[in-house]
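Just below is one structure, and these are the notes that go with it.
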Amino acid sequence: MPCAMPWTDAEMNATAPAATARVARIGSIDDLQCLARRRVPKLFYDYVDGGSWSESTYHANEKDLARLCFRQRVARDVDKIDLRRRILGHSCSLPLTLAPTGLAGMVHADGEILAARAAKAAGVPFTLSTVSICSLEDVAKHVGGGFWFQLYVMRDREFVAALIERARAAGCGALVLTLDLPIQGRRHKDVKNGLSVPPRITPASLLAMLSRPAWCARMLGTPRRTFGNIVGHAKGVGGTAAFAEWVSQQFDRTVSWRDVAWVKRQWGGPLVVKGVLDADDARLAVDAGADALVVSNHGGRQLDGAPSSISALPEIVAAVGHRTEVMMDGGVRSGQDILRALALGAHAVSIGRAYLYGLGALGEAGVTRCLAILQDELEATMALCGLAELGAVDRRALIGADVAHSRQAARLASIASAAAPGTQQAVPSNEETAHVW
Ligand SMILES: Cc1cc2nc3c(=O)[nH]c(=O)nc-3n(C[C@H](O)[C@H](O)[C@H](O)COP(=O)(O)O)c2cc1C
């Protein structure tokens, strides 16, 4: 993607009001991505902008969303548009959460604290990853409680139980249990770049970092440069040298639904199960105690060749949408994408890369800008579709999408016809069905 941002880094760094005016002119997530690419060292930029193996699922997430066309409606009084949604019982300004992303504190110094602060100010939940740089306690100290915490079930169950306790003590509002990582998908870019935390000093990594001096200066100015939730907390991991060894042993292939029920008992609060892509798994997750699901393929970073999240969504909503809140993530880069997901039955979306691009571009101000862009785009798209409230959004907002060339065309078409009545995505009337894929 060519970078179309007209300003130099020095201009972007200028103090207010010139910089504020420039930030306001950043019009899209693409603009933020372009700035992030210029400002974040290649090995960390690639870590964000990468998927597993051939990256086919990573790209399918975006492409399948983009294929869904809106139904333009006119003269429907869209003067006041209400974008608020209750998520797990809390009123949010948008139907959106910030997904857990490991190493956000390497994209920008103190990244998790900055993103959590921007999310709080915008009125949407932030989710802290197990493999964050800033720790649970650090984020709680700087931002207050209420953020969500994402958990991997690792082999050391004592450590997992202790993490759950720490999340409770930090005042976390929900626990997000990620299930799609029993082993790590191979990400070629990370292997080639020799990604490690903190970065191993090789001629190539040194060059990559020195070419981003502002990033280096901020990193040198913070003590937060390793995995804050783990180093010093997990048994035998007092320093970063032992950490790599520990991680490689900790991914647990034995995780089963019994563990999900165990986590639910340990936690006792709202539990979100993340990484579900199959209707049978969705039913099992709800049976095991999930209060919400995230339909997700980990942003195309795990099972390459898995369906896009948007194509898996309707079937899962049809299966469990009447029992639980079904969210989705993967490929959401605009307010238009949010509306597409809601139209196919998502209760809310999560964003990963979209906010990381903002973070890499401009720190907290970049995440704030990302959320403002998504809000503006969602509001404008709803207006142009003649929709004044989220409760009125269903698949009638979409018309026949051109999915003919999609690898998943057949799946999408069968999903469209499988949608059951009585779920959030009400089946359209006959008059309207003809237009809907
Ligand atoms: C850089 C990066 C790191 C991630 N780290 C985690 C993680 O630690 N835990 C997790 O459950 N998901 C993780 N994910 C997946 C996200 O939570 C989310 O599923 C994904 O980013 C959604 O796709 P999108 O980036 O296209 O919005 C990560 C994603 C990215 C891009």
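Enumerate the calculated ³J(HN,Hα) couplings along the range 124-131 in order (Karplus 6.51 cos²θ - 1.76 cosθ + 1.60, θ = phi - 60°), each rounded to whole Hz, writing x wherever the residue is Gly or Pro.
Values per residue, Gly and Pro as x: 10, x, 9, 10, 8, 7, 3, 9 Hz.
Per residue of the range 36-49, what does 6.51 cos²θ - 1.76 cosθ + 1.60 with θ = phi - 60° give for ³J(HN,Hα)? Whole Hz please, x for Gly and Pro, Karplus curve as stated.
Here the 3J(HN,Hα) series is 4, 4, 6, 10, 9, x, 3, 5, 7, 5, 5, 4, 6, 8 Hz.
Which residue, A140, H90, V237, has the largest displacement toward the positive end of the dipole of the range 9-418 when charges sit on each Cβ (Lys, Arg +1; Asp, Glu -1)?
V237
Go through the range 256-298 and name the chymotrypsin sites (Phe, Trp or Tyr not before Pro) that are in a DSSP coil and have 16 or fewer other Cβ atoms within 10 Å of their Cβ.
none
Would you mind ranking K42, K141 so that the residue whose beta carbon has the fewest other beta carbons within 10 Å leads the list?
Arranged by neighbour count, lowest to highest, K42, K141 become K141, K42.
Please find, in a Gaussian network model of the chain (springs between Cα atoms separated by less than 10 Å), the residue of R67, R323, R258 whose mean-square fluctuation is greatest.
R258
Run lengths n ≥ 4 of DSSP H only: what is the helix-derived mean residue ellipticity at 222 nm for the chain, with -39500 (n - 2.57) per run over all residues, to the nearest 500?
Computed mean residue ellipticity for the chain: -13000 deg cm²/dmol.
Out of residues 5 or more away from T97 or on other chains, whose amide H comes under 5 Å of its own, with H placed 1.01 Å from N in the peptide plane?
Under 5 Å from the amide H of T97: V349, S350, I351.
Given H placed on each backbone N at 1.01 Å, which residues far from V273 in sequence or on other chains put an amide H within less than 5 Å of it?
L177, D291, A292, L293, V294
May I ask for the net charge around A319, where only other residues with Cβ less than 12 Å from the Cβ of A319 are counted and Lys, Arg are +1 while Asp, Glu are -1?
Combined, the nearby Lys, Arg, Asp and Glu give -3.
Find, among the chymotrypsin sites (Phe, Trp or Tyr not before Pro) in the range 83-166, those assigned to loop by DSSP (not H, G, I, E, B) with at most 14 other beta-carbon atoms within 10 angstrom.
none
What list of ³J(HN,Hα) couplings, whole Hz, do you get for the range 297-312 from phi and the Karplus terms 6.51, -1.76, 1.60, once you set θ to phi - 60° and write x for glycine and proline?
Each residue of the range 297-312 in turn: 10, 6, x, x, 9, 10, 7, 6, x, 6, x, 4, 4, 5, 6, 7 Hz.
List the relative contact order of the chain as a percent without decimals, with contacts defined as Cα pairs under 8 Å and 6+ residues apart.
Value for the chain: 24 percent.
By counting other Cβ atoms within 10 Å of each Cβ, how are R187, R168 ranked from fewest to most?
Listing R187, R168 from fewest to most nearby Cβ atoms yields R168, R187.
Test of understanding: ordering S248, S28, S309, S54 by Cβ neighbours within 10 Å, fewest first, what list do you get?
Starting with the residue having the fewest Cβ neighbours, the order is S248, S54, S28, S309.
For the chain, set up a Gaussian network in which alpha carbons nearer than 10 Å are linked by springs, and say which option among P182, P125, P314 fluctuates the most.
Answer for the Gaussian network model of the chain: P182.
Please list, ordered by chain and number, the residues whose modelled amide H lies under 5 Å from the amide H of L128; skip anything fewer than 5 residues away on the same chain.
So L128 has HN proximity to W148, F149, Q150.
Each reported figure results from applying straightforward, stated rules to the coordinates on display, with no laboratory input. Model, not experiment: these values are computed from the prediction. Methodologically, a virtual Cβ is constructed for each residue, glycine included, from the backbone with ideal geometry; neighbour enumeration extends over all protein chains shown.
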